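Below you'll find the structure, written out as structure tokens, and then a few comments.
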Amino acid sequence: MTLIFEIGIAICLLLGILFAKPEYALFLYGFALGFPDIAVPLGAAINLRLDDGLILLFLVRSLAWTPAPLGAGQRKILGAQALFFFACLLSAVAGIVRGNPPASYDTAKMIGCAAIALLLPRLAQSERRLRFLVAGLMCAGIALVVQIAQRLGTGSLSSYANFQEFKNAATFTTWNPNTIGQASMLLVFAAGLGGIIFSKSSPSGLVWPCLAMGFTLIPIVVFVRTTSMSIIAGLVLFLCLTRRRKLVLLIAASCFFVFLLLHSVDRAVVDSATQVDPTTGEGFSHRFDHWAASAEAIRTQPVLGQGFSQEAANLSSAVNGGRSHNAYLSVWVELGLGGVALFLFVIYQFISVGLSLYRNPQSQMCGALILALIVTACLDSLGLPTLYWEKLPVIALSIAVALAGICERNQLESVPMVARPFGMESVPQRT
């Protein structure tokens, strides 16, 4: 009994510290993302992790303390995201009324992502807090790399029949294989953000590019092909926008070296991962079949859609898994043409805010980073449901919203105050 009492006191003290110092909570939130298998199962597919519990803490704190007012760009993005969330919610309610309720997993995932999108930008409202969050994410990234290496163990690449088996072996129990790519996308973005908001000393100038490049190689090594190409495209765009085109050659050389290294270990496995035929769809993991089945489901209900979380039910008879493996098609299947319009409107708002920040010399790096992130996510969504209520991409985009708000406030603070009231003439001085 005494031990339980002491543990309770310790937990209360910890919660008090995290409540009073949100930067520590943000560090813990980022760090917890590196341990996906530490989870409490709530049903067949729903898992409650430490980072999910911290979202509840963020909610309570946002109710107790009034956060800083939102910037214009933040209001645009959050408003578009809120419209899309309500469209999903209304579709789910309509499904319940029709006697076709959405799956509990999809509903929980949507609500959880909506909470992240709302609360994280409101809490990470200063550079200090962003630094703690980025530091936690970097620790999480290192932890993920260590755990992936442990999962693969001492077995060589040649011990796996194909690249899919190798990718599955590296995947955590509570993740699907493509979630590793989503985690890498978040980590690469966080490393780029660290290079902007941390000190510009010489050691720091080397650490952040190395971390970004190291996290870029994770999906390449474990054959998450779509995300690998998307992250590389985003990196190249960021370097071009920031006039660091010489580093593009370094990225190309690093990727080529990794390819040669994997090819020398087991040529057959690497060849199976790189042999694709765009005309027939061979080598795309049956993506063409999934897209064709999605197109057929869209033809039956092109305007209203099949209803939120009804993708699997409508595609399961045509393809294995019942998923479109394309965020745009998934939205169209479930929410119809109006849902696609809202989905694209959210993407447009991110691009618009990123371009606005990029045009300002004071926030050009931040604008370039946001543009690179949204382009990466949009490209990845062509082959995966990246932007359709997936937690790790939503966290990355929420951090981008917080960054936009900080940049907008800094711009307002740097505008000189006009001493003379508008519309009034100064009184001439008598000599």
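The values are calculated or read from the model by the stated rules, or taken from the named source; none is laboratory data. Because the structure is a prediction, the values reported are computed rather than measured. Methodologically, a virtual Cβ is constructed for each residue, glycine included, from the backbone with ideal geometry; neighbour enumeration extends over all protein chains shown.
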I'd like the residue in segment 263-277 that is touching a Leu at 6+ places or on another chain (Cβ under 7 Å) and part of a helix (DSSP H, G or I) and, out of all such residues, is nearest to residue 162 (Cα to Cα). 269
Subset of segment 31-47 that is small (Gly, Ala, Ser) and touching a helix residue (DSSP H, G or I) at 6+ places or on another chain (Cβ under 6 Å) - its residue that is surrounded by the fewest Cβ atoms within 10 Å (Cβ to Cβ): 45
Need pairs with beta-carbon distance below 6 Å; first residue part of a loop (DSSP other than H, G, I, E, B) and within segment 17-39, second among the hydrophobic types (A, V, I, L, M, F, W, C); sequence gap 6+ or separate chains. 33/140; 34/140; 34/143; 34/144; 36/172; 36/175; 37/172
Can you run down the residue pairs with Cβ atoms below 7 Å, 6 or more apart or on separate chains, where the first is in segment 265-286 and under 15 Å from residue 224 (Cα atoms) and β-branched (Val, Ile, Thr) and the partner is part of a helix (DSSP H, G or I) and at pLDDT 75 or above? 269/163; 269/166; 270/262; 270/263
Single unsatisfied condition, residue 357 versus (1) more than 18 Å from the chain's Cα centre (by Cα); (2) in a helix (DSSP H, G or I); (3) closer than 15 Å to residue 84 by Cα: (3)
Give the number of residues within segment 9-30 that are in contact with a helix residue (DSSP H, G or I) (Cβ under 7 Å, 6 or more places away or on another chain) and loosely packed, with under 12 Cβ neighbours inside 10 Å. 1
Going through segment 116-144 one residue at a time, which ones are aliphatic (A, V, I, L, M) and surrounded by fewer than 18 Cβ atoms within 10 Å (Cβ to Cβ)? 142, 143
Total residues in segment 360-399, condition over 12 Å from the mean Cα position of the chain (by Cα) and within 30 Å of residue 46 (Cβ to Cβ): 4
If you go through segment 157-176, how many residues are more than 20 Å from residue 391 (Cβ to Cβ), at pLDDT 75 or above and not small (Gly, Ala, Ser)? 7
For residue 176, the lone unmet condition from (1) part of a helix (DSSP H, G or I); (2) without any contact (Cβ under 8 Å) to a residue 12 or more places away in the chain is (1)
If you take the residues of segment 321-354 that are farther than 28 Å from residue 196 by Cβ and β-branched (Val, Ile, Thr), which of them is farthest from the chain's Cα centre (by Cα)? 333
